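In what follows, a structure is listed as structure tokens, so that the remarks can point back to it.
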Amino acid sequence: MSLITEHQVVLDLQGPDRHTATRTLAETLVADGRCTDLELFLDDVRKREEQMATGLPGGIGIPHARSAAITTPSLVFGRTTGVDWGAADGPATLIFLIAAPDGGGQEHLQILAKLARKLMRSEFRQALLEAPDATTVVDIVNREVVNA
């Protein structure tokens with residue numbers, strides 16, 4: 001099963017705060033059968049966020065959690081006009097929700113590490129900002145993160 005699909009891309013992510021935005025992204029996992037309990041997963045993400053904000057410099061948010069509600073490692077992408085994710089340099093416009101099954105810690109950390117390395121490259125961030133559709137986003141993520 002693919003880490004990310006077109007259904008897991010939200011190009012016009014709306015929401016007044018990171019919790020609302022995370023819910024919207026997580027709902028794609030429920031719709032795709034990758035999450036069995038939305039509230040449990042969101043609670044796990046909130047607990048992780050309470051430990052340390054997952055906003056990164058450059059307009060990036062990477063909420064993530066391991067959860068018993070997740071059936072398969074998954075990545076959801078959202079693009080927004082700006083949501084405060086706790087980064088010192090301002091709101092996030094590119095959001096990546098990483099969801100891993102409980103006990104899938106190694107996969108979770110590998111995804112996070114690969115993604116963080118790619119996000120340091122302005123070309124990668126720019127390609128995601130300019131992607132015209134979900135298929136393009138999936139192609140970029142697969143090429144640059146999943147299959148890298």
With a Förster distance of 25 angstrom and the Cβ-Cβ distance between M52 and D17, calculated FRET efficiency to the nearest 0.05 equals 0.90
Mean projected area, convex hull of alpha-carbon positions in the chain, reported to one decimal in nm², is 7.6
Any helix of the chain counts here only if DSSP assigns it H throughout, its Cα atoms span 15 Å or more along the axis, and its mean Kyte-Doolittle hydropathy is at least -1.0, and such helices are 18-31, 105-119
About its Cα centre, the stretch 45-98 carries a charge dipole, from +1 on Lys and Arg Cβ atoms and -1 on Asp and Glu Cβ atoms, whose size in debye to the nearest 20 is 220
In whole angstrom, the spacing between the Cα centers of the stretch 1-64 and the stretch 81-126 equals 11
Taking T22, T81 and counting other beta carbon atoms within 10 angstrom, the fewest-first order is T81, T22
Note on the stretch 6-146: contact order normalised by length, alpha-carbon pairs under 8 Å, 6 or more apart, percent, works out to 25
Projecting the Cα atoms of A69, A100, G58 onto the charge dipole of the stretch 6-131, where Lys and Arg contribute +1 and Asp and Glu -1 at Cβ, the residue farthest towards the positive end is G58
In deg cm²/dmol, rounded to the nearest 500, the helical mean residue ellipticity at 222 nm of the chain, built from -39500 (n - 2.57) for every DSSP H run of length 4 or more, is -12500 deg cm²/dmol
Descending packing, highest mean Cβ count within 10 Å first, for 91-100, 9-18 is 91-100, 9-18
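Values in this text are rule-based calculations from the coordinates and carry no lab data. Since the model is a prediction, treat every value here as computed from it, not as a measurement. All Cβ positions, even for glycine, are placed from backbone atoms using ideal geometry, and neighbour counts span all protein chains on display.
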